[in-house]
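Asker: Handing you this structure, nothing more for now.
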Amino acid sequence: MQIVEKSKDAATVGRVFGEPIHQGDVTVIPVAKVIQGSGGGKGSGEEEGGGVGFGLGAAPAGVFVIKDGDVRWQPVVDVNRIVIGSQIVAVVLLLTVRAVLKRHLKRRR
């Protein structure tokens, strides 16, 4: 249970918002997506058992840009996600075209 309690301390605002970066009259605040989970268990019966687990993941989400009193959100572009999504769409399209062509050729015979 001590590990579970300590895991709560790991999910803080400091893990989501980075230190502001100042450059002239522009301030940039980096932001991350943070996912945290924990769990535990205990057994009973002939043999005692137990266990505990903890996970923490983080990925960049974007930045807040503050300039001349205006705040603008700049999201991170995940190129890998775009490429994988495009590949999935292309495979589905090719399989659909193949099925249509097969059906068309069967009807012509």
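Asker: Taking amide H positions as placed in the peptide plane 1.01 Å from N, state which residues far from Ala61 in sequence (5 or more) or on other chains have amide H under 5 Å from it.
Answerer: Residues meeting the criterion, in which the H sits 1.01 Å from N, are Val31, Ala32, Lys33.
Asker: Enumerate lysine pairs in the chain that are 8 or more residues apart or on different chains, then count those whose Cα atoms are under 24 Å apart.
Answerer: Lysine pairs meeting both conditions in the chain amount to 5.
Asker: Determine the shape class of the stretch 13-73: with a ≥ b ≥ c the square roots of the Cα gyration tensor eigenvalues, call it rounded for a/c under 1.5, and otherwise prolate if a/b is greater than b/c, oblate otherwise.
Answerer: It is prolate, given that a/c is not under 1.5 and a/b is the larger ratio.
Asker: With springs only between Cα atoms under 10 Å, which of Gln74, Gln23, Gln36 fluctuates most in a Gaussian network model of the chain?
Answerer: Among Gln74, Gln23, Gln36, the largest mean-square fluctuation in the Gaussian network model of the chain belongs to Gln23.
Asker: What percent does the relative contact order of the chain come to when contacts are Cα pairs within less than 8 Å and at least six residues apart?
Answerer: Across the chain, relative contact order equals 20 percent.
Asker: While we're here: With +1 on the Cβ of every Lys and Arg and -1 on the Cβ of every Asp and Glu, and nothing else charged, how large is the dipole of the chain about its Cα centre, in debye rounded to the nearest 20?
Answerer: Approximately 1660 debye in magnitude.
Asker: Which ³J(HN,Hα) values in Hz, rounded to whole numbers, follow from the phi angles of the stretch 93-109 under the Karplus curve 6.51 cos²θ - 1.76 cosθ + 1.60, where θ = phi - 60° and Gly and Pro get x?
Answerer: So the Karplus estimates, Gly and Pro as x, are 4, 5, 5, 5, 4, 4, 5, 5, 5, 4, 5, 5, 5, 5, 5, 6, 7 Hz.
Asker: Okay, next question. Can you put Thr96, Thr27 in order, fewest other beta carbons within 10 Å first?
Answerer: Thr96, Thr27
Asker: Mind checking which of Arg98, Arg72, Arg81 has the largest fluctuation in a GNM of the chain, springs on alpha carbons under 10 Å?
Answerer: Per the Cα network of the chain with a 10 Å cutoff, Arg98 tops the list.
Asker: Pick from Gly50, Gly85, Gly18: which is most flexible by mean-square fluctuation in a GNM of the chain where alpha carbon atoms under 10 Å apart are linked?
Answerer: So, out of Gly50, Gly85, Gly18, the one fluctuating most is Gly50.
Just so you know, all these numbers are worked out from the coordinates, no wet-lab data involved. If you're wondering where the values come from, they're calculated on a predicted model, not measured in any experiment. Positions of Cβ are backbone-derived with ideal geometry, glycine not excepted, and every protein chain shown enters the neighbour counts.
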